[in-house]
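Data first, discussion second: the structure below is written as structure tokens.
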Amino acid sequence: MTRSTTVVVGASVAGVRVAQTLRRRGHDGPVILLEREPGNPYDKPALSKTVLVQDELPSALGTATELAEENIDFRAGTAVDGLDLVARQILIHGEEPVPFAQLVITTGSRPRRLSQFDGLRGVHYLRTRTDAAALRAAFIRGGRVVVIGGGFIGGEVAASARSLGLPVTIVEAAPRLLARLMPTEVSEAVAGLHRDHGVKVICGRTVTGYRGGSDIEAIELDDGTVLPAEIVVIGIGTVPDTAWLEGSGLRIDNGILCGPNLAAEATDGVFVAGDVARWHDPTTGFYDRAEHWTSARDQAAVVAHNLIADGPPKHFATDGYVWSDQFGVSIQHVGRTGPGLRTERRPTKVGRGQLFVHLSGGHVVGATTFDAPSDLLAVRRDLASR
Ligand SMILES: Cc1cc2nc3c(=O)[nH]c(=O)nc-3n(C[C@H](O)[C@H](O)[C@H](O)COP(=O)(O)OP(=O)(O)OC[C@H]3O[C@@H](n4cnc5c(N)ncnc54)[C@H](O)[C@@H]3O)c2cc1C
């Protein structure tokens, strides 16, 4: 083991990209990539879309052979349980510690749970390919579906279930779908899309309980509504996967706190990327955490650059690009939304899609499109040029 060993914990989009970028940019020290799940690394976005509807496999991020060819020491099925920052080593139960000179933490996030449903058959979360296989099997067996949570993943799962012909209800506690991420106009358009396809959308109601023994039979809401369901999918957001770092001395507060260069605060040679990173954004003065594929990929590039240190350190900046596919409609978003902004619907340049622009003081600061990729790209380019 040389001083220059880089250990990456978590082999999804952020971790695999860091390892590959280090190699492709000429880093020649040992790179060890540790991953809890068995098998080849894979991408997650298809898990709520084509994997559920068409029984596709999620796209691989690289096979073990390909990673070995790039001289990346990929160790699948290795759950890391601790970090010793003083001895600079990674702790794995029942195995020798793995020393590092540089560490990259890319352990992502896991679904926020509703503990009252723990152990009940028919209740699903969706994060891994195993989760997706179980949900797909349940959809094929059939039944009434209730999706708890009206964010992007909830919407995608609802659309997939409906596309397979199942009766679907979405229950969202906020007054509208996507309330945390999108303005009212966009929420209404997404709700309209679901209702047009026969999904029942219930907003402003919370789940208070359930009926059933070992199998789920129905969901109870706070207004007394009872929704019969054989399949319940809980999609109420994620929490960063940091339990293994308890007591490590890293600063953790809804993610690992890091600077704009993605170096973990108060550490030397420890970097963070992807869903687990909560970075300080000097333009707003606040910490931010993204849970989107593009941010994970872009943060990986920044971390690889800063690890190689062959130029001035890079800072992570995001244009907030996010996409989702529901009922075959491509929903894309770029830029800001939030309090104090106004949203206007404008005609699209081509086709049948929809364009919403988000304005601050009369200036376009973001856009959301439905099947209007060139309009989204135009706003994206305009924002980048500013
Ligand atoms: C169903 C689904 C659909 C999505 N769709 C979209 C979409 O349409 N558009 C979009 O922008 N984003 C989407 N996302 C979000 C996107 O996939 C995530 O933002 C992205 O996967 C984050 O990548 P990551 O590498 O940071 O973390 P993750 O993908 O969460 O990967 C973290 C990895 O670390 C491993 N790990 C965790 N703890 C340990 C440990 N202690 N030891 C070893 N390994 C560990 C995990 O097993 C996992 O493989 C979707 C996510 C899901 C789940």
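The values are calculated or read from the model by the stated rules, or taken from the named source; none is laboratory data. These figures come from a predicted structure and were not determined experimentally. Note that we place each Cβ from the backbone using ideal geometry, even for glycine, and neighbour counts take in every protein chain shown. What goes into the accessible areas is simple: the full protein's heavy atoms, side chains included, and nothing from ligands, DNA or RNA. Shrake-Rupley method; radii C 1.70, N 1.55, O 1.52, S 1.80 Å.
Below are the figures for this structure:
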item	result
The chain: calculated mean residue ellipticity at 222 nm from DSSP helix runs of at least 4, using -39500 (n - 2.57)	-7000 deg cm²/dmol
Accessible-area composition of the chain, carbon plus sulfur, in percent [1.4 Å probe]	50
Whole-number accessible area per residue in Å² for the chain, which is evaluated in the context of all protein chains at 1.4 Å	45
Kirkwood hydrodynamic radius of the chain, from inverse mean 1/r over distinct Cα pairs, in Å	22.2
Prolate/oblate/rounded label for the stretch 266-381 (Cα gyration tensor, a/c 1.5)	prolate
Gain upon complete extension [THR283, GLU95; 0.36 nm per residue less C-alpha separation]	63.3 nm
Derived scalar couplings ³J(HN,Hα) [the stretch 153-161; Karplus, 6.51 cos²θ - 1.76 cosθ + 1.60; whole Hz; x for Gly, Pro]	5, x, x, 5, 5, 4, 5, 5, 4
The chain: angle of helix 13-24 to the longest principal axis, Cα-based, in degrees nearest 10	40
Chain lengthening between VAL350 and ARG110 when straightened (0.36 nm per residue, less Cα-Cα)	82.5 nm
Under Karplus coefficients 6.51, -1.76 and 1.60, residue-wise ³J(HN,Hα) of the stretch 290-297 in Hz, glycine/proline x	9, 10, 10, 4, 5, 5, 4, 4
DSSP-defined antiparallel bridges as percent of all bridges, the chain, nearest 5	60
Relative contact order of the stretch 113-234, pairs being alpha-carbon contacts under 8 Å that are 6 or more residues apart, as %	32
FRET efficiency, 1/(1 + (r/R0)^6) with R0 22 Å, evaluated for ARG381 and ALA309 via beta carbons	0.10
Contact order normalised by residue count of the chain, Cα under 8 Å, 6+ apart, percent	15
Those lysines that a straight Cα-Cα span of less than 24 Å connects to LYS49, excepting residues fewer than 8 apart in one chain	LYS200
The stretch 1-135: C-alpha gyration tensor shape, a/c 1.5 cut-off, then a/b vs b/c	oblate
Gain upon complete extension [ASP28, ASN254; 0.36 nm per residue less C-alpha separation]	78.0 nm
Between 0 and 90°, nearest 10: helix 129-141 axis offset from the chain longest Cα axis	20
Beta bridge orientation in the stretch 30-145: antiparallel %, DSSP, nearest 5	60
